[in-house]
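To start, the structure under review is shown below, and the notes come after it.
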Amino acid sequence: MSLSVRTVLLLATALLMTGCAGSVSGSADTAAAPSTTFSLTPPSWTNSATPSASTRSTTPSSPSVLPTAATSAPARTREADPQQYAGTTAGSFYFTTPSTKFHCAILTGGDLPTAGCHGPMPESAPKVPGSGAPDVRVPPNAIEVTGSRSGQFVSAGDPRYYPLGGSPATTLPYGRSLHVNDLSCLVEESTGVTCTSDAGHGFTLSDTKFRVW
C-alpha cells in the first residue's frame, strides 16, 4: 500500500473514533439528568400566635377604679337657745328627752354649777350613799357632773333636776345641744343623754347603760 493511501485511512479512522466518543458522552449526560419534579406549592402553616393589632377588638375595657359615690356630709350638732329652757330661778335651764324618760337640767346659779338628770337608772348602776343615811347604800335616782368633778350617780333627796312648780320642761330634740357657761347637754337616740363640762368630765346615760368620766 502506498504511503498516501495509508495516510488517508488513518485520518478517516481518527475521525470516526472522535464522532463515536462524542455520541457516547452525550448519551451519558442525558441519562444522568435527574427526573425529580419539585412542587412549588407553599406548605400550609397553622398560626397560633396572638392576632395582629388589626384583628384585635377595639372595645374599651372597663375602668379598674370605680368612681367614688357621693356621700352627704354628716349633720352638725345644732345648739339650742338656752332662753327656751330657762326656769323660774336665775341660772336654771330644764329639758326633757324626746322619750320623756329623763328630766334634766343645767344649774348655774349656785356655787357649784351642775348638770344632771333624773329618770330610770340602769340596773348596772352602782349603789350610792343614801341622802338621809350616808352609811346605807341605795340605788341612785340621779346622775350629775360638775366642772371640777367627774360624772357620778347620786341619791338626791329633792328632785333637783325637775323644774319648780311642776310645769313640764321643754323637750330637747335629738341632735340638739344645750350649752350654758361651761356645761353642755346633748340627747341622741342611739346613746341617750350626755352632759359634759369644759373641764373634760361628763356622763352618758340611757335606761340600759351608762358611762361616766
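Which of the residues spanning region 90-101 are in contact with a Pro (Cβ under 7 Å, 6 or more places away or on another chain) and part of a loop (DSSP other than H, G, I, E, B)?
Within region 90-101, P98, K101 meet the criteria.
Could you check region 69-111 and list, in sequence order, the residues that are among the β-branched types (V, I, T) and either at pLDDT 90 or above or in contact with a Leu (Cβ under 9 Å, 6 or more places away or on another chain) (or both)?
T77, T88, T89, T96, T97, T100, I106, T108 - these are the residues of region 69-111 that are among the β-branched types (V, I, T) and either at pLDDT 90 or above or in contact with a Leu (Cβ under 9 Å, 6 or more places away or on another chain) (or both).
Tally the residues that are assigned to a loop (DSSP other than H, G, I, E, B) and touching a strand residue (DSSP E or B) at 6+ places or on another chain (Cβ under 7 Å), restricting the search to region 150-159.
Selection size over region 150-159: 3.
What tally of residues in region 163-181 results from selecting those that are in a strand (DSSP E or B) and not aliphatic (A, V, I, L, M)? Steps first, please.
Applying the first criterion (in a strand (DSSP E or B)) to region 163-181 yields 171, 176-180.
From what's left, not aliphatic (A, V, I, L, M): 171, 176-177, 179.
Residues meeting the conditions: 4.
Could you look through region 182-199, keep only residues that are outside any strand (DSSP E or B) and within 31 Å of the chain's Cα centre (by Cα), and pick out the one that is nearest to Q84 (Cα to Cα)? First the steps, then the outcome.
Restricting attention to region 182-199, the residues satisfying the condition of being outside any strand (DSSP E or B) are 182, 189-191, 198-199.
Filter once more, so that each one left must be within 31 Å of the chain's Cα centre (by Cα): 189-191.
Working: E189: 21, S190: 25, T191: 24 Å.
Step by step, filter region 182-199, then rank; the result is E189.
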Of the conditions (1) over 21 Å from D207 (Cα atoms); (2) free of Cβ contacts under 8 Å to residues at least 12 places away in the same chain, G165 satisfies every one except a single condition; which number is it? (2)
Tally, over region 108-135, of residues that are open to solvent by 60 Å² or more (accessible area, probe 1.4 Å) and either touching a Pro at 6+ places or on another chain (Cβ under 7 Å) or on the phi > 0 side of the Ramachandran plot (or both): 1
Hey, could you check region 154-182 for residues that are touching a helix residue (DSSP H, G or I) at 6+ places or on another chain (Cβ under 9 Å) and open to solvent by less than 20 Å² (accessible area, probe 1.4 Å) and say which is farthest from T100 (Cα to Cα)? V180
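Starting from residues that are of a type in the set (S, T, Y) and open to solvent by less than 60 Å² (accessible area, probe 1.4 Å), keep the ones in region 136-150 and report whichever is nearest to the chain's Cα centre (by Cα). Lay out the reasoning, then the answer.
Step one: of region 136-150, the residues of a type in the set (S, T, Y) are 146, 148, 150.
The next check asks that each one be open to solvent by less than 60 Å² (accessible area, probe 1.4 Å); those that pass are 146, 150.
Numbers: T146: 39, S150: 36 Å.
Only one residue fits best here, namely S150.
Would you mind stating whether G165 is more than 20 Å from E79 (Cβ to Cβ), at pLDDT below 90 and of a type outside the set (S, T, Y)?
So G165 passes the test.
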Whether any residue in region 115-130 is free of Cβ contacts under 8 Å to residues at least 12 places away in the same chain and not acidic (D, E) is what I want to check. no
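The values are calculated or read from the model by the stated rules, or taken from the named source; none is laboratory data. Just so it is clear, the model here is predicted, and its values are computed rather than measured. Counting neighbours? That spans all protein chains shown, and the Cβs are built from the backbone with ideal geometry, glycine included. All accessible areas refer to the heavy atoms of the entire protein, side chains included, with ligands and DNA or RNA removed. Shrake-Rupley method; radii C 1.70, N 1.55, O 1.52, S 1.80 Å.
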